[in-house]
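The block underneath contains the structure these notes are about, expressed in structure tokens.
The values are calculated or read from the model by the stated rules, or taken from the named source; none is laboratory data. The structure displayed is predicted, hence computed values, not measured ones. Backbone-built Cβ (ideal geometry, glycine too); neighbour counts: all protein chains shown. Calculation scope for accessible area: heavy atoms of the full protein, side chains included, ligands and nucleic acids excluded. Shrake-Rupley method; radii C 1.70, N 1.55, O 1.52, S 1.80 Å.
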Amino acid sequence: MGRIMKKSCIKWTILCGCIALLCAALAVSAVTEKQRDIQFAGETEFNRICAQLTQTDPPSAERGRLLMEGSPAPYDQAENCYYVPQSLETDGVDGALSWSNGGQTAVLCMDSSFPGKAEAIRSGTSFSLMIRNGSEYYVEQVVFTGMPAIVIDMETDNATFDLDSTAIASVSVFNPDQDTPGNYVVYTAQARLTLRGTSSINYEKKSYNLTLYDGQGVRSGLPLLNMRKDDQWILKSLLMDPMRARECVSSGIWNSICEDGGDADLETSDFRYTEVFLDDSYYGLFGLMTKIDSDVYGLDEDTDILFKARSFEFLNCREDDFDPPLFSESGIRFPKVWQEGVYDPIYWYVDALYLQSPDITCEEIKAHLNMENAVDYALFYMLVSARDNNFTNTYYLFRRDGDLYQTTLIPWDMDMTFGNSWDCVWTGEALPLSETETVLLPQQMRVLQNFDETGIQTLLSARWTELREGVWSDNALCALVEAAFDRMEDSGAIAREELRWTQPGVQRGEAYMLSYIRERAAFMDRYFS
């Protein structure tokens, strides 16, 4: 009996020892896989460490990855380079840098206080990142950018992604200035991507629609880059504007009057610059934009209609052979479901302000237009020379007011402004500054002037004077232009964009745009005086 118990104890001891060894092995494995903080070393110390080791090429497997706040940092495989977004308003390195493979040591050749941060970011200085594994090491490169970044990893080959397809991807948004400078936030989500655009779809650099989902596959909004919380976003390539600034500045000019008070006007898409990385490739400078959202405007599905004019085709809706599109393709954004009479206000608008039906009087037109908004839209259209926003590239909000609809105009897609013109073929060449003295009025104002030239001119003149004394002063307008170009230059992003996309190429046209806005505003001062 004693011998049996003794043998059992021996077996139990051996079993416990095996379990202990297994647990120890698992513990070591867990430590090996755990991420490790990045170490910082000055150039002398960095070179001393490297001199004691043998340099090798980066491994093809188990390579590890630079992490920013625990998320894989933006990476360009072609250049073997990581890009780490940083605040332009702070000193030192923002956010927590780590290496995904805890069995390796990662040392960044720089002082953690980041001396010369602003110039290093602006010039795109590359810093060496040594990855040590035992007695060997290899080197990666790290560039700090002053732009937020969006990383998109598609589940399928993006080369097969076309206008008629949908792609599923994981998306990470790196923002070093969430709410306050240096407050680092990384948002991650699943996303459904579709291509967007008409003319721009023919170029290699595409624009995208993004719809965000949580881990359970439910649409879920996020407050990306300090904009409102939403689950639908636009990533605009900016390729149709060689200066990459017109959309930013024009939307800022329109939104400035919306923010100034009053409820006559409704804000257009909000805009933030960002750099995009698609499947470990640097894709350049983009604009992240909110969509025009009916929920934001508090619309009533029983009375209100929001129509997006994507082309001039809707102007033909009164022709006998016009074939109406399916409701889902009609441009009606609200209500979501077809209802009787949903096209009626659009038909009236075409009759009154395009076909200029003799049966429609000036008083009726004024009753159907939100006149304060119509005046503001006309002045905005003139100021930025929004040639491509007459009828098309406009949202029409029809609100029922008793027995009639009242129309409010909201501009969108404003890359064809400030002398960027589409005339059968887009060349990307800015118009001469003499063009700033061209009188431009949108159609609704030209029609009203035919009825009442003096009265309409008086309304436009009075409102122009008011805006020039406030949000549209020379200083305010120039500040919007300068802020856009400073952002692109100080972040280092415009230099990278210039190298990445050469057809069509980038034009650094701050002087042109400043001259354009000053000369255009001065001409309008004379015109309305």
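Quick check, is residue 164 at pLDDT below 95, open to solvent by 20 Å² or more (accessible area, probe 1.4 Å) and either in contact with an Asp or Glu (Cβ under 8 Å, 6 or more places away or on another chain) or charged (D, E, K, R) (or both)? Judged against the criteria, residue 164 is a match. Residue 149 - would you say it is modelled with pLDDT of 95 or more, within 15 Å of the chain's Cα centre (by Cα), closer than 18 Å to residue 234 by Cβ and not acidic (Asp, Glu)? Spelling it out, residue 149 is indeed modelled with pLDDT of 95 or more, within 15 Å of the chain's Cα centre (by Cα), closer than 18 Å to residue 234 by Cβ and not acidic (Asp, Glu). One residue stands out among those in the range 245-286 that are under 29 Å from residue 500 (Cβ atoms) and among the charged types (D, E, K, R): the one that is surrounded by the fewest Cβ atoms within 10 Å (Cβ to Cβ), which is 280.
Counting only residues that are part of a loop (DSSP other than H, G, I, E, B) and over 17 Å from residue 497 (Cβ atoms), which one in the range 199-220 is most open to solvent (accessible area, probe 1.4 Å)? If we take residues in the range 199-220 being part of a loop (DSSP other than H, G, I, E, B) and over 17 Å from residue 497 (Cβ atoms), then 216 is most open to solvent (accessible area, probe 1.4 Å). Condition first: touching a Phe, Trp or Tyr at 6+ places or on another chain (Cβ under 7 Å) and under 26 Å from residue 148 (Cβ atoms). Now tell me which residues in the range 37-66 satisfy that. Matches in the range 37-66: 38, 64, 66. Quick one: count up the residues across the range 221-241 that are of a type outside the set (Val, Ile, Thr) and in a strand (DSSP E or B). Selection size over the range 221-241: 6. Give the residue that is surrounded by the fewest Cβ atoms within 10 Å (Cβ to Cβ), with candidates limited to residues of the range 108-131 that are among the hydroxyl-bearing types (Ser, Thr, Tyr) and without any contact (Cβ under 8 Å) to a residue 40 or more places away in the chain. The selected residue is 113.
Scanning the range 387-398 for residues that are touching a helix residue (DSSP H, G or I) at 6+ places or on another chain (Cβ under 8 Å) and modelled with pLDDT of 95 or more, we see that the one that is farthest from residue 430 (Cα to Cα) is 398.
Determine whether residue 219 is closer than 24 Å to residue 336 by Cβ and not polar (S, T, N, Q). Considered against the rule, which asks whether it is closer than 24 Å to residue 336 by Cβ and not polar (S, T, N, Q), residue 219 comes out as yes.
Among the residues making up the range 471-484, those that are open to solvent by less than 50 Å² (accessible area, probe 1.4 Å) and either touching a residue at least 12 places away in the same chain (Cβ under 8 Å) or under 20 Å from residue 440 (Cβ atoms) (or both) are 471, 472, 476, 477, 478, 481, 484. Quick one: in the range 242-263, of everything that is in a helix (DSSP H, G or I) and of a type in the set (Asp, Glu), which residue is nearest to residue 422 (Cα to Cα)? Checking each candidate, the answer is 247. Out of 520, 468, 487, one residue alone is in contact (Cβ under 8 Å) with a residue 24 or more places away in the chain, surrounded by 17 or more Cβ atoms within 10 Å (Cβ to Cβ), in contact with a strand residue (DSSP E or B) (Cβ under 7 Å, 6 or more places away or on another chain) and within 20 Å of residue 253 (Cα to Cα). It is 487. Could you grab me the full set of residues in the range 167-195 that are farther than 30 Å from residue 119 by Cα and exposed (fewer than 14 other Cβ atoms within 10 Å of the Cβ)? Hit for the range 167-195 is 168, nothing else.
Is it the case that the range 132-140 has a residue that's over 21 Å from residue 35 (Cβ atoms) and in contact (Cβ under 8 Å) with a residue 12 or more places away in the chain? Scanning the range 132-140, I find at least one residue that is over 21 Å from residue 35 (Cβ atoms) and in contact (Cβ under 8 Å) with a residue 12 or more places away in the chain, so the answer is yes. Looking across the range 436-456 at every residue that is in a helix (DSSP H, G or I) and of a type in the set (Ser, Thr, Tyr), the one that is least open to solvent (accessible area, probe 1.4 Å) is identified as 436. Evaluating residue 116 against the criteria (1) in contact with a Cys (Cβ under 9 Å, 6 or more places away or on another chain); (2) farther than 16 Å from residue 172 by Cβ leaves one unmet condition, (1).
Of all residues being of a type in the set (Gly, Ala, Ser) and out of contact with any strand residue (DSSP E or B) (no Cβ under 8 Å at 6 or more places or on another chain) in the range 57-91, which is modelled with the lowest pLDDT? Just the residue, please. Checked the range 57-91; the qualifying residue modelled with the lowest pLDDT is 61.
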